[in-house]
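Just below is one structure, and these are the notes that go with it.
The values are calculated or read from the model by the stated rules, or taken from the named source; none is laboratory data. Source: prediction; values computed, not measured. Surface accessibility is based on the protein's heavy atoms, side chains included, excluding ligands, DNA and RNA. Shrake-Rupley method; radii C 1.70, N 1.55, O 1.52, S 1.80 Å.
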Amino acid sequence: QLFSRYTIVGIVNAIFGYTCIFSLMLAGLSPAASNISGYSIGSIFSYTTHKIWTFKSDARPQKEFPKYLISNMGAYGLNLLTLVICVRLLDFDPYLSQFLSLSVYLILSFIFLKHFTFKRDSNIDNV
């Protein structure tokens with residue numbers, strides 16, 4: 001059930017983020033500025049929805065949000081590493097490689113969010 005909520009938030013966030021990006025482009029922003037803005041807005045939206053709905057966290061955002069950013073950067077870095085290995089070393093099809101690296105991102109992001117960003121204090125769980 002937790003992974004299902006994680007997946008739903010991811011899908012909604014992708015739709016939300018790309019809606020922001022394309023809306024900003026239509027408003028006249030450059031593709032790069034629109035992309036940076038859309039991903040920034042999407043990161044805040046994703047953090048908030050994961051905090052409230054997916055992981056139901058009570059922790060302070062000042063503590064969690066930096067951990068959220070670290071988790072995302074770590075998952076993305078390993079996604080990119082997977083992509084480079086698949087394309088350059090293993091000579092896999094680039095499109096297949098994108099799907100493989102996305103799978104790595106999705107799984108690792110979930111693990112990082114569950115066990116690092118939104119990790120519950122075991123003492124609280126036992127109360």
Report summary line: Scattering profile of region 38-84 from the Debye formula, Cα beads only, expressed as log10 I(q)/I(0) at q = 0.17 Å⁻¹, is -0.55
Query raised in the report: Between rounded, prolate and oblate, where does region 1-66 land on the alpha carbon gyration tensor, with a ≥ b ≥ c its root eigenvalues, rounded for a/c under 1.5, else prolate if a/b exceeds b/c?
Result: oblate
**Report entry** HN-Hα J in Hz across region 99-107 - Karplus 6.51, -1.76, 1.60, θ = phi - 60°, x for Gly and Pro
**Finding:** 5, 5, 5, 4, 4, 4, 4, 4, 5
Report summary line: Probe 1.4 Å, all chains present, heavy atoms only: MET25 accessible area in Å², nearest 10, is 80 Å²
Query - Candidates LEU90, LEU80, LEU100: whichever shows maximal mean-square fluctuation once the chain is modelled as a Gaussian network with Cα springs under 10 Å - result: LEU90
Query raised in the report: Using just the C-alpha positions of the chain as equal point scatterers, what log10 of I(q)/I(0) does the Debye formula give at each q in 0.10, 0.11, 0.15, 0.20 1/Å?
Result: -0.38, -0.46, -0.80, -1.18
